[in-house]
Structures are given as structure tokens and as C-alpha cells.
Amino acid sequence: MPATAAETTPENPWPLKHFAQILKAHVERAPETWIEGQLLEANIRNGHAYLTMRDVDVENSLSVTVWRSTLSRLDATPEVGSRVVAKVKPNLWLKTGRLSMNASDLRPVGLGDLLARLERLRQALGAEGLFDADRKQKLPLLPSRIGLITGRDSDAEKDVVRNATLRWPGVVFEIRNTAVQGVNAVGEVMAALAELDADPEVDVIVIARGGGALEDLLPFSSEELVRAVSQTTTPVVSAIGHEADRPILDDVADLRASTPTDAAKRIVPDVAEEKQGIAQARLRLNRAIEHLLDRESERVAALRTRPVLAAPESMLDSRREDLDRLVERSLSATRAALSRGEAEIRHLRAQVRSLSPQQTLDRGYAIVQVPDGSGRDAQSGDVVRDATSVPVGADLLVRVAHGSLDATVTATHGSNTDPHAEQTPPTQNQPGRTS
């Protein structure tokens with residue numbers, strides 16, 4: 001007989017008994033393991049319990065045997081539908097080749113255990129940021145098409161459709177009926193969610209279910225479903241159970257509705273309220289326009305009654321009066337300036353005249369000049385300032401205030417006085433001399 005399975009051939013196979021014994025030894029080397037599931041069958045015969053446990057999320061089941069010795073130690077008899085944890089070790093029954101699990105311990109999962117487990121999962125997912133507010137998507141004001149995931153012919157479906165249609169008669173639904181409890185719920189809901197999320201015409205997705213026991217709502221706290229919702233690009237509304245129910249789906253959804261009816265009110269506006277709002281807006285707009293027209297009419301009327309518009313010539317009259325005053329002030333200022341100028345000219349003329357040679361002549365002085373061709377040192381036509389500069393016998397021209405005299409030098413006399421000293425002018429009746 002071949003020593004190993006690889007050495008077996010069609011001509012030299014293992015006996016079935018030998019293979020079954022090897023398989024049994026291999027299976028029974030597996031360690032004891034705690035598993036969790038829901039009881040589908042619970043048959044008790046001769047003090048032994050023959051159970052069928054099914055996974056709570058997927059369609060997987062195993063046979064579990066609880067021997068009399070173990071069953072007698074349990075606090076409660078296993079019941080169909082209950083959720084339990086069992087400490088099992090695999091066993092292969094050689095006579096029939098049936099694989100079963102021998103349970104050495106069996107405990108029901110209580111409500112407190114479920115709640116604690118859900119709370120731990122909620123905290124873990126929250127720590128990852130799946131529930132953060134910045135991940136929430138805003139719902140459209142008026143979705144063109146609404147995706148609805150719910151049970152077939154369920155009250156939740158009727159509530160959502162009826163109330164949404166009453167609020168907005170033109171609303172359109174894309175409905176996907178799935179299992180909403182049991183082992184198939186998570187997979188079917190996730191498949192429907194992926195399908196609706198891929199539809200570009202769907203603007204919002206509602207996951208709705210009526211109330212129920214905590215165990216019935218467990219699929220909506222599934223980690224797989226929660227992560228799938230967190231990855232959708234379409235806004236998701238959670239409408240599971242009643243106000244007191246709080247599956248983890250509520251935390252990851254973009255909007256949590258307390259009931260399916262509340263979800264219908266949150267996803268579409270009320271057409272009656274919108275019409276009323278439009279009517280109120282029109283009324284406010286009309287009032288604002290009327291108020292504006294009244295105010296502007298009053299302003300136009302006030303402008304018309306102003307004097308400048310009632311009698312436009314008054315504006316010209318007042319400006320004409322201002323112009324006349326300005327002209328008069330300008331003329332007055334000009335006349336005053338001319339008067340001051342004339343007075344100043346007279347003053348300057350008097351000063352000039354008082355300093356002119358004619359004035360000196362009028363006081364009795366004379367001007368002695370050497371005529372052309374005369375004089376020794378003095379040039380012709382020069383005024384004689386030094387007697388010694390004129391030779392004896394020279395002709396002189398003496399200018400007086402009125403007319404002139406011709407004279408001849410008979411003698412010259414030098415002067416010892418300072419030529420710049422003040423000279424006493426001759427009297428009016430005393431003629432000048434030439435010496």
C-alpha cells in the first residue's frame with residue numbers, strides 16, 4: 001500500500017477506510033475554536049442536541065453536536081433563531097463521512113453583548129474618520145431621480161413613495177427590492193447600492209426599513225455595508241427603523257432620517273410650501289416695487305415744486321444780480337486803483353520836478369557853459385565847474401531861469417572852499433558873476 005497520497009495510482013489506490021482514518025486524524029488535529037452564529041435547527045434526542053448554525057451575514061452553515069454531558073451544564077436549552085457562541089472542535093464521523101462540530105460549551109449572545117460589540121465597531125470606524133462631517137455630501141434641492149433600497153412590498157417602501165409623491169408629484173423613483181434582514185440582507189443591499197451609485201441619473205439613494213428587534217436590524221450595522229456606503233459618490237439617506245433605533249449605517253450616511261416617512265420629507269421639497277414661498281416672494285417683490293415707485297414719485301414731485309424748476313428764470317435773475325454786484329465791485333476796485341495810481345504819479349512828478357535843473361534855475365542859480373570852440377581845458381558845451389579851467393578872454397554861455405547870457409572871462413579867481421560844501425544861493429535880484 002502506498003505510504004503517501006502522492007504515491008497512489010489507479011492500479012495501487014488507498015482503501016477508503018485508510019483515507020478516512022487519515023482525514024479524521026488530520027481534522028481532529030484542529031484546535032478548539034469559539035464561533036458565532038444563529039441557530040437554524042435545534043433537535044434534542046436522547047439528551048443530545050443536534051444543531052445547525054448559520055453565519056449571520058452570509059449563507060454558510062455547519063452542523064454542531066452538543067453531547068448530553070455538555071448540554072446538562074448549559075443554563076438554557078438552545079432555541080431556533082437564537083444567536084449563540086460555541087466552543088467547537090471539528091470531528092469526522094467515519095461511518096457516514098459527515099463532518100460535524102462537537103461543542104464543549106454553548107452560550108447565548110445577550111442584548112448587552114450585541115450592543116457592546118456594535119459600540120466597539122462604531123468607535124473603531126469613527127476613529128478611521130468614516131463618520132466625519134467633512135465627508136458628508138449635501139443632498140440636492142430637487143433630485144431628478146431617487147434610488148430606493150427596501151424590502152419588497154414593505155411598509156417602508158410605501159411610506160417613502162407615498163409621502164414623497166404627495167410632497168412633489170413629479171418625483172421619480174428607481175426602486176431595488178432586497179432582503180432587509182437575515183443572512184442575505186448585507187450582500188443584496190450592497191449589490192443594489194453599487195448598482196444605483198453607478199447610475200448617473202440617480203441623485204440620492206435611500207436605504208429604508210421598518211422597525212424591528214435589534215437582531216433584525218443587525219445587517220445595517222455590518223462593517224462591510226458601512227464601508228460600502230462610505231465609498232459611494234451619490235448621497236445616501238439612512239431610514240432604518242424608528243427614532244430609537246440607531247444602526248451604524250445612520251452614522252456613515254450623509255443624512256439620517258428617523259423613519260422612512262421622515263426620509264420622504266427630507267429628500268424632496270413640499271410643492272405646496274414652495275408655491276406658498278413663491279407667492280410670498282412675489283408679494284414682497286410687488287410691495288418693494290410699489291414702495292420704490294412711491295418714493296421715486298415723491299422725489300420727482302419734490303423736484304418739480306422746487307423754485308428752480310417752478311421758475312427757472314429766477315436762477316438767472318439771481319446770477320444776474322450776482323454778476324452786477326461783481327461788475328460794480330470790479331469797477332470800484334479799478335477806479336480806486338486808478339485814483340491811487342494818479343496820486344502816486346502826482347507825487348512822483350512833484351519829486352521829479354523838485355529835483356530837476358529847472359527848479360534850481362528858478363531859485364536864482366545859473367548854469368555856465370563853454371560854447372563850442374572856446375575853453376582851454378574844458379570841452380565845448382561842458383558846464384564850467386572850476387574857474388581855473390577857463391582861460392581869460394574865453395566866451396561863456398550863462399543860462400538862467402529864463403533865457404541865457406553871453407559873457408567874456410576878464411579874470412579868474414581860484415576858490416579855497418570845499419566844492420562840495422553848501423553854497424549860499426544868490427538872491428533873486430542879485431545877478432550872477434563871472435570872475
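Taking H as built 1.01 Å from N, whose amide H comes closer than 5 Å to the amide H of VAL56, not counting residues under 5 places away?
Those qualifying (amide H under 5 Å, at least 5 residues apart or on another chain) are GLN38.
Along Cα→Cβ, 7 Å out, is where each label goes; now give me the distance between the ones at LEU94 and VAL80 in nm to one decimal.
3.5
Calculated FRET efficiency, ASP155 and LEU309, Cβ-Cβ r, R0 60 Å, to nearest 0.05?
Step by step, r from the Cβ atoms, then E = 0.20.
What ratio of Cα Rg to 2.2 N^0.38 Å holds for the chain?
Compactness ratio reported: 3.00.
Name the residues whose placed amide hydrogens come within less than 5 Å of the amide hydrogen of VAL85, ignoring near sequence neighbours (fewer than 5 apart) on the same chain.
Sorted by chain and number, the residues that satisfy this are ARG107, VAL109.
Please give the calculated 222 nm ellipticity per residue for the chain, where each DSSP H segment of at least 4 residues contributes -39500 (n - 2.57) and the sum is spread over every residue; nearest 500 deg cm²/dmol?
One gets -12500 deg cm²/dmol as the mean residue ellipticity at 222 nm.
For segment 233-316, with every protein chain kept in place, what is the accessible area per residue (1.4 Å probe, Å²)?
For segment 233-316, the per-residue accessible area is 63 Å².
Given a 1.4 angstrom probe, what's the average accessible area per residue across segment 169-229, in square angstrom?
Accessible surface, normalised per residue, equals 38 Å².
Could you quote the convex hull projected area for segment 9-107, Cα atoms only and averaged over all directions, in nm²?
Result: 7.7 nm².
Hey, what do the phi angles of segment 38-54 turn into as Karplus ³J(HN,Hα) couplings, whole Hz, using 6.51/-1.76/1.60 and θ = phi - 60°, x for Gly and Pro?
Residue by residue, segment 38-54 yields 10, 7, 8, 9, 8, 9, 10, 9, 6, x, 9, 10, 10, 10, 10, 9, 10 Hz.
Report the longest stretch of the chain that contains none of the trypsin sites (Lys or Arg not before Pro) sitting in a DSSP loop with at most 14 other Cβ atoms within 10 Å.
In the chain, the maximal stretch lacking such sites is 153-362.
In whole Å, how far is the Cα centre of segment 306-323 from that of segment 164-199?
After rounding, the separation between the Cα centres reads 82 Å.
Could you work out the local net charge near VAL352, counting Lys and Arg as +1, Asp and Glu as -1, over the other residues with Cβ closer than 14 Å to its Cβ?
It works out to a net charge of +2.
With springs connecting C-alpha atoms under 10 Å apart, model the chain as a Gaussian network and identify which of ASP254, ASP155, ASP317 has the largest mean-square fluctuation.
Per the Cα network of the chain with a 10 Å cutoff, ASP317 tops the list.
Calculate, for ALA411 and ASP362, the FRET efficiency according to 1/(1 + (r/R0)^6) with r their C-beta to C-beta distance and R0 25 Å; round to the nearest 0.05.
Plugging the Cβ-Cβ distance into 1/(1 + (r/R0)^6) gives 0.30.
How many percent of the accessible area of segment 42-86 is carbon or sulfur, using a 1.4 Å probe?
Looking at segment 42-86 in its full context, I get 44 percent from C and S.
Give the long-range amide H neighbours of ASN102: residues separated by 5 or more places, or on another chain, with amide H under 5 Å away, using H modelled in the peptide plane at 1.01 Å from N.
Excluding prolines and chain starts, which carry no amide H, the hits are THR65, LYS89, ASN91.
If you take every DSSP beta bridge fully contained in the chain, what fraction is antiparallel? Give it as a percent rounded to 5.
Counting DSSP beta bridges with both partners in the chain, the antiparallel share is about 70 percent.
In the neighborhood of GLU201, defined by Cβ-to-Cβ distances under 10 Å, what is the net charge if each Lys or Arg adds +1 and each Asp or Glu adds -1?
Cβ neighbours under 10 Å give a net charge of -2.
The values are calculated or read from the model by the stated rules, or taken from the named source; none is laboratory data. Given the structure is predicted, the values throughout are model-derived calculations rather than measurements. Please note: Cβ atoms are built from the backbone with ideal geometry, for glycine as well, and neighbour counts cover all protein chains shown. Quick note on the areas: whole protein, heavy atoms, side chains included, nothing else; ligands and nucleic acids left out. Shrake-Rupley method; radii C 1.70, N 1.55, O 1.52, S 1.80 Å.
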